[in-house]
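Asker: After the structure tokens below, expect a handful of questions from me.
Derivation of every value follows stated rules applied to the coordinates shown; laboratory data play no part. In this text the structure is predicted, and so the values were computed from the model without any measurement. All Cβ positions, even for glycine, are placed from backbone atoms using ideal geometry, and neighbour counts span all protein chains on display.
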């Protein structure tokens, strides 16, 4: 108890020092500011299973300095908004605050993330709410179910662990287990503070005394748990009348292999996304391949969407399709042909230029959001050690050639197939028969 008291007093002194020593904010036109704390790793080492998912529900609850009621009222009084989110490799906590109140918002963010109290009743309530949300949602959307199943069979190690807490797992996680997880992982080498709408010098001056007082130094950032791509087959019966299928392959190198990641991202826009009534937006509509060559030709196909899930060193790219159950075999054949066509010959220059323009448009439009900019900074620093300029990615997209796209897709399709199916699985071709079509 004495150590907690001394720690709390040190944190309070640091807060006061930051408020008095920070330079006045520079004049700018940003009326709001977003600050994010990103932590690495997240679910890849989530022990016990579901801890990261439960921490998302426990974000911005009681701390050693505030009750949950006080924290909520302070955020409301500041006109702010807070958010916690878990992903497979990272945790993110964000506060959106009026520009003149950056110091106050940053102090709440640091306190909530670094000093959680994990009151037993709050942990139990969060676990109950997590399970209630699961029940209220009924069956998960097919894409979510298949993506979870796909990771389970595609990888071994950290990335094979579930993103969503398994049923009943959250209720078994104790406050002490959560505190141990935070103490082991929420340390200086694993954390990045990112801000948008606020100058770097001002953010650093405000954050330094707060984080120095509260953040354990920890050991140098360890390597995340190994995740090896192996491929595999996941099948789950469903009686909706539709059969949903994902065919995917490894994205070798993940985000750290920028040329490959760029090429596969453009390939995703070339294939396109959307359902039978999809229209508008980059990568959607009548010009994408999956729209013109699949949805327009096959009335029984309800959805055909290219997708990707990229991580630091690996990832998944593929196609999700929903069709009438009696057409399950035809669905697999159509998707197989579309994926193989990208590797068999260079795409027409006009199609590639359209996909490149759509990819650039998506990148630039996303970065118009202050919250996306803050998130982008945090994730890139954790991945690359710095933030790459937007011009580097745009330049890589513009420099992609038909041959470069073909080579990247060939490398991808050379990995073992990962396949996930939900629906009338008896009508779906065998895994080995589908995998043989890519050899």
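Asker: Just to verify a number: FRET efficiency for residue 367 and residue 132, C-beta to C-beta distance, R0 = 51 Å, to 0.05?
Answerer: With a Förster radius of 51 Å, E is 0.90.
Asker: Now for a different question. May I have the extent of the alpha carbons of the range 60-120 along their three principal axes, as whole Å values ordered from largest to smallest?
Answerer: Here the spans come out as 33, 26, 14 Å, largest first.
Asker: To continue, here is another question. Once both labels are modelled 7 Å past Cα along the beta-carbon direction, what's the residue 156-residue 386 spacing in nm?
Answerer: According to this spin-label approximation, the distance is 3.7 nm.
Asker: Simple spin-label model, 7 Å along Cα-to-Cβ: residue 167 to residue 432 in nm?
Answerer: The answer from the label model is 3.3 nm.
Asker: Could you pull out which residues in the range 368-406 have an amide N less than 15 Å from a spot 7 Å beyond the Cα of residue 258, following the Cα-Cβ vector?
Answerer: Of the residues in the range 368-406, 377, 380-400 have backbone N under 15 Å from the label point off residue 258.
Asker: Cut-off is 10 Å between beta-carbons; in what order do 398, 370 appear when sorted fewest neighbours first?
Answerer: In increasing order of surrounding Cβ atoms, one gets 398, 370.
Asker: While we're on this one: With equal scatterers on the alpha carbons only and no solvent term, can you work out the Debye log10 of I(q)/I(0) for the range 126-265 at 0.12, 0.13, 0.15, 0.19 1/Å?
Answerer: The calculated log intensity ratios at q = 0.12, 0.13, 0.15, 0.19 Å⁻¹ are -0.84, -0.96, -1.15, -1.25.
Asker: Also, quick follow-up: With a cut-off of 8 Å between alpha carbons and a minimum separation of six or more residues, what is the relative contact order of the range 229-436 in percent?
Answerer: Values: 356 pairs, mean separation 76.6, N = 208.
Answer for the range 229-436 is 37 percent.
Asker: A follow-up question, please. Could you state, as a whole-number percent, how many of the C-alpha pairs of the range 229-436 are farther apart than 31 Å?
Answerer: Roughly 20 percent, rounded to a whole number.
Asker: Next question. Using a 10 Å cut-off around each Cβ, can you sort 392, 104 from fewest to most neighbouring Cβ atoms?
Answerer: Fewest-to-most ranking of 392, 104: 392, 104.
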